[in-house]
Amino acid sequence: MRLDNKVALVTGGAIRVGKVTSKALAAAGADIVISYWGTEAEAKETQKEIQAMGRKCMIYEANMRSIPQLQAMVKKIDEEFGRLDILIHNASNFNEGPMEEVTEEIWDSSQEIILKGAFFLSQAAVPLMMKNKSGRILAMIGNSYYENWPIYIPHSIAKVGLVKLIECLAVTLSPYIQCTALCPATIMTSAVGGYSPVLKQRSEQINEETRTMTVNGQEIVMGTPEQVAELIVYLCGCSNYMNGAVIPIDGGKHLL
C-alpha cells in the first residue's frame, strides 16, 4: 500500500508504537509530522531515521492539553506542506492506580490528553484535510475498549470516549474523511517498561520466545508494534468504503 505524496501527522510519534507507526508510514511514501511532549531527543532521533529513508519529517512539540498549541501545529503543517492527509491519534498517558487513589488532577489529565486533545486537534486539522476533500483519521485505543481494568479507570474511560469520537467523526466528515479506531491488545510488555499488573490480575501469561499469550487457558498470538503499524498503513490507503470501524487487532483476545 503506497502513500506517496501524502502527509501524515502522528501524535506521540517519537517513541514506542508511535515511532514504529511514523516509520511505517514513511516507508510507504508519506512525509511525516511528529508531535511530541518532553521527548525532544527521541523526536530528533526518529526524525533523522525518517529523513534517512528519503522522506520529509517535521517535529513539533505540542502539549495535547493546550488547544492553542495544537492549532499552531496545524498552522505550521499548512505552512510547511500545504496539506494534511492522515491524522493518527496516538498520544496517551497511563495513570496507573487503584480507584481510591484517583484525584481530580489524574482524572483530568487522562480526559484532556487522550480525549479532549484528540477532539480539538481533529477540529483544527479537518479544514486542512478538506483542501483536498479526502483524508484518514485513526485512533489508537488499545484493549481497554474490550476489557475492564481496575487500576486504569480514567485511562479506560477516556479511550472508550475516543472510540465514540471516532464514530461521530466518521459520520460528520463523510464522505470525504474516513475514520477508524484500532484496538490492539498487548504488543509489548508494558507502555512504560516491565510487565503490567493488569496481566497478573487477569491471569495472563506471556511467552516472549514464541510471542504468544495465554488467556484463561487459551493460547493466542501476541502481536508486535510493527504488525499494528502494518494495519495502519493499509487503512490509510485502502478504499474509502472502510469508515467508522472499531477494529480489534489482538489475536482474538476480545473473544475470550
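The values are calculated or read from the model by the stated rules, or taken from the named source; none is laboratory data. Not measured: the values here are computed from a predicted model. We place every Cβ from the backbone using ideal geometry, glycine too, and count neighbours over all the protein chains shown. Side chains are part of the model used for accessible areas, which takes the heavy atoms of the whole protein and leaves out ligands, DNA and RNA. Shrake-Rupley method; radii C 1.70, N 1.55, O 1.52, S 1.80 Å.
Taking amide H positions as modeled 1.01 Å from N, with prolines and chain starts lacking one, the residues under 5 Å from residue 212 and 5 or more places away or on another chain are 207, 222. Pair-distance distribution P(r) for region 72-161, from all Cα-Cα distances in 10 Å bins starting at 0: 17, 40, 25, 15, 3 percent.
A Förster radius of 30 Å, combined with the Cβ-Cβ distance separating residue 133 from residue 104, puts the computed FRET efficiency at roughly 0.10.
Expressed to the nearest 5 percent, the antiparallel share of DSSP beta bridges inside the chain is 20 percent. Using C-alpha pairs under 8 Å with a sequence gap of at least 6, the mean separation divided by the residue count of the chain gives a relative contact order of 19 percent. Listed cross-link partners 75/131; 48/159; 6/76; 19/131; 44/164; 44/116 are compared with a 23 Å cut-off, the Cα-Cα value being larger for 48/159; 19/131; 44/164; 44/116. Distance between the modelled labels on residue 234 and residue 209, one decimal in nanometres: 3.0 nm (7 Å Cα→Cβ projection).
The three principal axes of the Cα atoms in the chain give end-to-end lengths of 51, 40, 38 Å, sorted in falling order. Across 48, 23, 159, mean-square fluctuation computed from a Gaussian network of the chain (C-alpha pairs under 10 Å connected) peaks at 48. Heavy-atom accessible surface of the chain, averaged per residue, reaches 46 Å², computed with a 1.4 Å probe. Between region 128-184 and region 50-65, what is the C-alpha centre distance in whole Å? About 22 Å separates the Cα centre of region 128-184 from the one of region 50-65.
Under the simplified labelling scheme, the residue 220-residue 71 pair shows an inter-label distance of 4.2 nm, with each label point 7 Å from Cα along Cα→Cβ. Helical runs assigned H by DSSP (4 residues or longer) give the chain a calculated mean residue ellipticity at 222 nm of -12000 deg cm²/dmol, each run adding -39500 (n - 2.57) before division by the residue total.
Taking Cα atoms only, the orientation of helix 40-51 departs from the longest principal axis of the chain by about 60 degrees. If I take all pairs of Cα atoms in region 1-89, what percentage of them are more than 22 Å from each other? Above the 22 Å cut-off, region 1-89 has 16 percent of its Cα pairs.
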